[in-house]
Amino acid sequence: DADYATILVEVRDRTGLIRLNRPKALNALNTELMTEVVAAAKAFDADPGIGAIVLAGSPRAFAAGADIKEMAGKGFSEMVAEQFFGEWDSLSRLRTPTIAAVTGYALGGGCELAMLCDMIVAGESAKFGQPEINLGVIPGIGGSQRLTRAIGKAKAMDLILTGRSIGAAEADALGLVSRVVADEEAEATAFEMAAQIAAKSSIATAVAKEAVNLVFETGLAEGVRAERALFYSTFATEDQTEGMAAFVEKRDPHFTHR
Ligand code: CAA
């Protein structure tokens, strides 16, 4: 897209693609890139023509982390004053389902960005890790929280304290990723999943991901109660009427809020 310097944006059918595009820096996440990814994601989120978002990098790197060169000279006061990395949080508030297609490095902020998405599709070359400890710092885009929720304390401590990275097979075994496929298939698989999701009622998909994400913020009883309320709310939609009528009439549903 002509408006962006560090990303490429594309629409394929009902899926929006955001491609990180700083190849010489292995897609290191600087402030400009953060601002652009967030702006593009919010624009897709506001577009009723978009039902799912794919976030991708390059074959060699999804993203090798936050931009170390940008951060190196900064001090505490500056980081606080800028609320450095703060904007990334808005990706967790998108209603549109998001899928990260990861090949190559997803380290530090790259791993955190992938985890900010609803699902990760990994190519066989994918490498995930939180190597911040090697730089004398710690994860700062939610890695200590989201990695631990994703793979548990034992494995998260291992990765965050040693800084080692793991391959696609280990990430799969740990439950960090939804699917592992050949590198060449990673984006195509993400797009297939996105197309399936984008064909549903967008109200239903938004509510479904909201319900799943509640797990990370509530206890079981409260979460089940909240799910029930969200479930009831879907019966206020035309799409529930249509979806159930289509089943009974043995035809494909035509969702209004696609
Ligand atoms: N920030 C800035 N530049 C980066 C970068 C990063 N995170 N990662 C790679 N680059 C740059 C390199 O400096 C290099 O640039 P030059 O050609 O100008 O020297 C270019 O990308 C290619 O990188 P390498 O030559 O290092 O490539 P390699 O194949 O030898 O190694 C790598 C690949 C193992 C991923 C290595 O680049 C590396 O270790 N990168 C840093 C990984 C890292 O520490 N990430 C965490 C960053 S901190 C963070 O993310 C904080 C947080 O919580 C958000």
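For this structure, a couple of remarks:
- Top-ranked residue in the stretch 83-99 [being touching a residue at least 40 places away in the same chain (Cβ under 8 Å) and open to solvent by 60 Å² or more (accessible area, probe 1.4 Å); ranked as farthest from the ligand (Cβ to nearest atom)]: Arg95
- Identification of helices (runs of 4 or more DSSP H) wholly contained in the stretch 172-258 with 2 or more residues that are loosely packed, with under 13 Cβ neighbours inside 10 Å and among the small types (Gly, Ala, Ser) yields 220-234.
- Residues in the stretch 13-40 that are within 18 Å of the chain's Cα centre (by Cα), more than 22 Å from Gly86 (Cα to Cα) and open to solvent by 20 Å² or more (accessible area, probe 1.4 Å): Arg14 alone.
For every residue, the table says whether it meets (1) more than 16 Å from the ligand (Cβ to nearest atom); (2) touching a residue at least 24 places away in the same chain (Cβ under 8 Å); (3) assigned to a helix (DSSP H, G or I); (4) open to solvent by less than 10 Å² (accessible area, probe 1.4 Å).
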position	(1), (2), (3), (4)
Val54	yes, yes, no, yes
Phe62	no, yes, no, yes
Glu70	no, yes, yes, no
Lys74	no, no, no, no
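- Any hit, the stretch 111-122, residues being out of contact with any strand residue (DSSP E or B) (no Cβ under 9 Å at 6 or more places or on another chain) and assigned to a helix (DSSP H, G or I): no
- Answer residue from the stretch 128-146, given it is within 11 Å of the ligand (Cβ to nearest atom) and in a helix (DSSP H, G or I) and is least open to solvent (accessible area, probe 1.4 Å) among those: Gly143
- Consider the stretch 41-52 and keep the residues that are open to solvent by 70 Å² or more (accessible area, probe 1.4 Å) and part of a helix (DSSP H, G or I). The one that is nearest to the ligand (Cβ to nearest atom) is Lys42.
- Subset of the stretch 49-69 (residues that are touching a strand residue (DSSP E or B) at 6+ places or on another chain (Cβ under 9 Å) and under 14 Å from Lys24 (Cβ atoms)): Gly57, Ser58, Arg60, Ala61, Ala63, Ala64, Asp67
The values are calculated or read from the model by the stated rules, or taken from the named source; none is laboratory data. Not measured: the values here are computed from a predicted model. For neighbour counting, all protein chains shown are included, and Cβ atoms are generated from backbone atoms with ideal geometry for every residue, glycine included. Please note that ligands, DNA and RNA were not included when accessible areas were found on the heavy atoms of the full protein model with its side chains. Shrake-Rupley method; radii C 1.70, N 1.55, O 1.52, S 1.80 Å.
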